[in-house]
Amino acid sequence: MKRSDVLLSKNVLDVKLGLLIYSAPEVYIGEYVRDFIPNPLNFQVREVGLNGLPANTSLCISRNDYIRCEEGEVLLYVLCKEYLSTLEAINIVRRLLKVRHVSYAGLKDTSASTCQYITIKCESTKELPAKVSKHIDERKKLILCFISKSATVLRRGYLNGNEFIINLQVENGYEDEIIHVLRNNLSNALFLNYFGYQRFGTLRPYNHIIGKLILESRYEEALEYIAGKPTIWESSEAREARRLFEEGKLKEAFNRMPKHLNLERKVLTLLLKGLKPKDIIMRLNRSILEIFIESFQSYIINLSLSKLYLMYGNCRELLDKCEVLPYPTPTINIYDICSEVVKDTFRSVLDDVGGPFSRYLRRGFRETVVIVKDIHVSCNEGVLNLRFRLPPSAYATVILRELLRSKLKVQASSYPSGML
């Protein structure tokens, strides 16, 4: 360890997810604000497209009729949602519009009010609505509206980043102190480019554990984490269904499992049909398997970034040594200290890899540090409005964690012992 004054997190969830370091103590404002629980009223996300425009409904045409889509044509829409994951929202769009080919550039936070671009490719000539508004329940809702026809379908990473709008409740009399800290320090700060909490699951922070178990061919244990392991943040109905699953009462568990928990219901259905755990995992959608396995890779990257920061003491020196980290795979080439740390961390955490699901391991690189851009700060009647942009795959909750520390209240508070 190069420095003795590195600020370590004492948060149990942080430690379990590899978020060991506070890398920008100069931006801390937690003593001046109240607890922040992200929700659609105080946390907004707007995907910034390759055209540089944040996604929002003002970009849509004003018509409420139908758009004719010829076979092979691609339609560009804005999708806005609250209390829905991107995958949940996409599945709802598929059902409502009776289409299969819906593409998106990135996943957005479930607990925020989010808008993003999606594309729909038509398999046959059909009429699609220019606007859809759907309330799934008293909290979950989405709006879909048509922008234009497009030459290409969206792919993961086809975006310039994300714009975030965050409202914080300020303790009385501290407005000037907060504005001073943010305006003087935030734009110059370097942050470790950690993967944020939502990467691992907000209500159930187990995605990386499931990915690890799948890579190690421990399929029965993976299913236990998918369908069991209730947490206090879920509904009582979901907790009861998971408890029944753990007791081996599969039929009762299926009947109790909430309808929106599609993955859990699919697992229970296949178990009731007598399929073996490996065969059940094989039948999961590719996008789901990628989330689990890439979440495990994200944990390795988080842990590697923490180790590297402890070696160099600050983000500037780390950036001088290496601008990017390789995604962890069994065949990483060692070309600098950062790739060596990633490889060593990967080998120390994963017992074995090489089964049929190793093909879902992501290849490529991730930047070691991130900079906040286009910062706007204002304060009115005790509410701090903070607006900024981050590059693709960077997390606003990582920045909020540095700003607020213990004042940031993510929902996942219970965690199993003995894993990772």
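One table, with the values for the structure above:
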{"quantity": "In the stretch 229-239, residue surrounded by the fewest Cβ atoms within 10 Å (Cβ to Cβ) [restricted to those that are out of contact with any Asp or Glu (no Cβ under 9 Å at 6 or more places or on another chain) and at pLDDT 95 or above]", "calculated": "236"}
{"quantity": "Meets criteria (of a type in the set (Lys, Arg), outside any strand (DSSP E or B) and within 20 Å of the chain's Cα centre (by Cα)) for residue 81", "calculated": "no"}
{"quantity": "Yes/no for residue 262 being within 30 Å of residue 368 (Cα to Cα) and not aliphatic (A, V, I, L, M)", "calculated": "no"}
{"quantity": "Any hit, the stretch 88-108, residues being buried (at least 20 other Cβ atoms within 10 Å of the Cβ), at pLDDT 95 or above, under 23 Å from residue 44 (Cα atoms) and among the polar types (S, T, N, Q)", "calculated": "no"}
{"quantity": "Flag for residue 71 being surrounded by fewer than 19 Cβ atoms within 10 Å (Cβ to Cβ), touching a residue at least 12 places away in the same chain (Cβ under 8 Å) and in contact with a helix residue (DSSP H, G or I) (Cβ under 9 Å, 6 or more places away or on another chain)", "calculated": "no"}
{"quantity": "Condition check for residue 27: touching a strand residue (DSSP E or B) at 6+ places or on another chain (Cβ under 9 Å), under 30 Å from residue 188 (Cβ atoms) and surrounded by 18 or more Cβ atoms within 10 Å (Cβ to Cβ)", "calculated": "yes"}
{"quantity": "Filter pass, residue 171 being in contact (Cβ under 8 Å) with a residue 40 or more places away in the chain and farther than 30 Å from residue 117 by Cα", "calculated": "yes"}
{"quantity": "Residue within the stretch 160-170 that is surrounded by fewer than 17 Cβ atoms within 10 Å (Cβ to Cβ) and outside any helix (DSSP H, G or I) present", "calculated": "yes"}
{"quantity": "Out of 50, 87, sole residue that is under 16 Å from residue 140 (Cβ atoms), touching a residue at least 40 places away in the same chain (Cβ under 8 Å) and not in a strand (DSSP E or B)", "calculated": "87"}
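Matching residues to (1) modelled with pLDDT of 95 or more; (2) closer than 27 Å to residue 368 by Cβ; (3) surrounded by fewer than 17 Cβ atoms within 10 Å (Cβ to Cβ):
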position: 196; (1), (2), (3): yes, yes, no
position: 200; (1), (2), (3): yes, yes, no
position: 219; (1), (2), (3): yes, no, no
position: 227; (1), (2), (3): yes, no, no
position: 246; (1), (2), (3): yes, no, yes
position: 250; (1), (2), (3): yes, no, yes
position: 255; (1), (2), (3): yes, no, yes
position: 266; (1), (2), (3): yes, no, no
position: 271; (1), (2), (3): yes, no, no
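Each row is one residue, and each column tells you yes or no for (1) surrounded by 14 or more Cβ atoms within 10 Å (Cβ to Cβ); (2) at pLDDT 95 or above; (3) of a type in the set (A, V, I, L, M, F, W, C).
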residue	(1), (2), (3)
301	yes, yes, yes
309	yes, yes, no
316	no, yes, no
354	no, no, no
380	no, no, no
384	yes, yes, yes
388	yes, yes, yes
392	yes, yes, no
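The values are calculated or read from the model by the stated rules, or taken from the named source; none is laboratory data. No experiment lies behind these values; they were computed from the predicted model shown. Counting neighbours? That spans all protein chains shown, and the Cβs are built from the backbone with ideal geometry, glycine included.
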